[in-house]
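Novice: Here it is: the structure, laid out below.
The values are calculated or read from the model by the stated rules, or taken from the named source; none is laboratory data. Keep in mind it's a predicted model, so treat the numbers as computed, not measured. Every residue, glycine as well, gets a Cβ built from its backbone with ideal geometry; the counts of neighbours run over all protein chains shown.
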Amino acid sequence: MSRQIRILIVDDEESFVRSLSFALRTEGMDVTGVHSGEDAFLAVRKQQFDIILLDLRLPGADGMEVLASIQKLDISIPVIMISAHGDTRAAVQAVKNGAADYLSKPFELDELIHTIKTTLDQSQVALELDYHRRRDAVPANGLIGDCAAMSALRTTIDRVAQSSASRILLLGESGTGKALVARAIHSQSPRQDRAFVEVNCAALPEQLIESELFGAEKGSYTGAHQKRTGLVRLADSGTLFLDEIGELPLALQAKFLHFLENGDYRPVGAERSASADVRVIAATNRDLAEQVRLGQFREDLFYRLNVITIDIPALRARGEDILSLVSHFADRQAQAEGCRPIEFDSETQGILRAHPWRGNVRELKNLIERLTILYPGKTISADVLPGEFHQTDDPHYSDGANRLSNTAHPQLQDRLDVTERHIVQDALEQADGHKGRAAEILGISRHALKRRLQRLGLQ
């Protein structure tokens, strides 16, 4: 059974709200009615709605003011303006200000239902596309570092981005920044003004990957309560980035190969095929050739993807870039926390340069985030680094420098979580539970403290 459409009606005519609510409920919709802008604002803050029917003329705050207030709360809620006869110009202005559509009284119920469903369909596609387009903002110069390997990588990105190559394979260890490289290729390509759609093949349930990629018709499978727009369609004329391509199920590899070769696909449950012009960038930290040998990856798909291959260097091969990355992440995290960037003394800098960084750039970024939270604006000395960064006789370490084994990462994460939780709790106790004062004690913004409390399960 499909979920009811949740509608908020905002109109000062009680009889109109009552009769319209009854009519929409008979259509299976969940309706809430209010009679003022103030009540509408409160309702939106209290509950979630799929769509709002908003009268232009209201007592107190008028429809335009209410529209602006709702957008500040949640711009994703589509609003259909309802205007009286003669208010068409104002309704058109409301659409220019962000309303999805408008209807003039009197209107037929069929016309309203059609407008509601059309608006919701358009809104869903727009939201999905916007979600994936938000990732477009990373330029090629977001690749921090001037070492020889990074210089060569940027040159390769420049050439490939402007080329006609439509199938690109990125290879690199986990955490090396394959997604960033993919976005850089897109942002420097002729497709830069179109969508960049990213999907992690390892994060999707196997039974849903096909419908996520190619879309699905309503009722095509259990739980398909509405038509699903596939990521391939969203990426049309743009770029589709498939991370962890090695995790793609064998059954779907054949269908995806067909799409790569012909540009056409068939949504689940559809009678007709569709087509899309998409540049496909795939990425993996696996040895696909070995997976082919083991029968876990199709050989023909491997060779179809392996037209242009780009190797992403590991962080340990970029020693001279490490301190540049440290400074970059420290500045970004300081902005997020509302404090001065942390710094590192010369001894600690040497330790960071010698560290193997088996988690690559992701591991470094996480470390800087934690240290900024725990020691905002401070100069970090070697003694406050996690124990794994200090010299040890452990065989996983070499050259007298701190070397972290693969099994140490979860331990580090857990220990930092515990330490952070204790520090935050102590600050709250000192402030008698007052979050504003606790944030001041910690040297971070109140907003940053709120995020920490949510992540640590303290709120």
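Novice: Among all residue pairs at least 6 apart or on different chains, which show Cβ distances below 7 Å where the first residue, located in the stretch 287-299, is farther than 20 Å from residue 312 by Cα and the second is at pLDDT below 90 and not in a helix (DSSP H, G or I)?
Specialist: Cβ pairs passing all conditions: none.
Novice: Also, I was wondering about something else. Residues to consider are 128, 111; find the one that is at negative phi, among the charged types (D, E, K, R) and either modelled with pLDDT of 85 or more or outside the structural domain of residue 46 (by TED's automatic domain parsing) (or both).
Specialist: 111
Novice: Something else: Among the residues of the stretch 1-31, which ones are exposed (fewer than 12 other Cβ atoms within 10 Å of the Cβ) and more than 23 Å from residue 105 (Cα to Cα)?
Specialist: Of everything in the stretch 1-31, those that are exposed (fewer than 12 other Cβ atoms within 10 Å of the Cβ) and more than 23 Å from residue 105 (Cα to Cα) turn out to be 1, 2, 3.
Novice: Does the stretch 15-29 hold any residues that are of a type in the set (D, E, K, R) and either within 13 Å of residue 59 (Cα to Cα) or in contact with a helix residue (DSSP H, G or I) (Cβ under 9 Å, 6 or more places away or on another chain) (or both), and which are they?
Specialist: 27
Novice: Against the definition (assigned by TED's automatic domain parsing to the domain that holds residue 258 and either outside any strand (DSSP E or B) or closer than 22 Å to residue 452 by Cβ (or both)), how does residue 329 come out, yes or no?
Specialist: no
Novice: Now for a different question. Among the residues in the stretch 384-396, are any of a type in the set (D, E, K, R), surrounded by fewer than 19 Cβ atoms within 10 Å (Cβ to Cβ) and within 29 Å of residue 178 (Cα to Cα)?
Specialist: No, that holds for no residue.
Novice: Among 17, 44, which is more than 17 Å from residue 68 (Cβ to Cβ) and in the same structural domain as residue 109 (by TED's automatic domain parsing)? Before you say what the answer is, go through the steps one by one.
Specialist: Working: 44 fails: more than 17 Å from residue 68 (Cβ to Cβ).
Residue meeting the stated conditions: 17.
Novice: Related question: For residue 287, state whether it is closer than 22 Å to residue 190 by Cβ, out of contact with any His (no Cβ under 7 Å at 6 or more places or on another chain) and surrounded by fewer than 21 Cβ atoms within 10 Å (Cβ to Cβ).
Specialist: Details: closer than 22 Å to residue 190 by Cβ: no; out of contact with any His (no Cβ under 7 Å at 6 or more places or on another chain): yes; surrounded by fewer than 21 Cβ atoms within 10 Å (Cβ to Cβ): yes.
Here the answer is no, as residue 287 does not meet what is asked.
Novice: If you scan the stretch 32-48, which residues turn out to be under 29 Å from the mean Cα position of the chain (by Cα) and surrounded by 19 or more Cβ atoms within 10 Å (Cβ to Cβ)?
Specialist: 41, 44
Novice: When only residues in the stretch 352-362 that are assigned to a helix (DSSP H, G or I) and surrounded by 17 or more Cβ atoms within 10 Å (Cβ to Cβ) count, which is modelled with the lowest pLDDT?
Specialist: At the first step, the residues of the stretch 352-362 found to be assigned to a helix (DSSP H, G or I) are 352-354, 360-362.
Imposing the further condition that a residue be surrounded by 17 or more Cβ atoms within 10 Å (Cβ to Cβ) reduces the set to 352, 354, 360-361.
Values: 352: 91, 354: 87, 360: 92, 361: 91.
Only one residue fits best here, namely 354.
Novice: Further question: What pairs come out if I take residues in the stretch 378-389 that are farther than 12 Å from residue 342 by Cβ and pair them with residues that are modelled with pLDDT under 85 and assigned to a loop (DSSP other than H, G, I, E, B) whose C-beta lies under 6 Å away, six or more apart or interchain?
Specialist: 388/404; 389/402
Novice: Is it fair to say residue 266 is over 26 Å from the mean Cα position of the chain (by Cα), over 22 Å from residue 305 (Cα atoms) and either crowded, with 20+ Cβ neighbours inside 10 Å or assigned by TED's automatic domain parsing to the domain that holds residue 169 (or both)?
Specialist: no
Novice: Separate question: Look at residue 208 and say whether it is of a type outside the set (S, T, N, Q), surrounded by fewer than 23 Cβ atoms within 10 Å (Cβ to Cβ), over 19 Å from residue 305 (Cβ atoms) and free of Cβ contacts under 8 Å to residues at least 12 places away in the same chain. Show your work before the answer.
Specialist: Numbers: of a type outside the set (S, T, N, Q): yes; surrounded by fewer than 23 Cβ atoms within 10 Å (Cβ to Cβ): yes; over 19 Å from residue 305 (Cβ atoms): yes; free of Cβ contacts under 8 Å to residues at least 12 places away in the same chain: yes.
So residue 208 passes the test.
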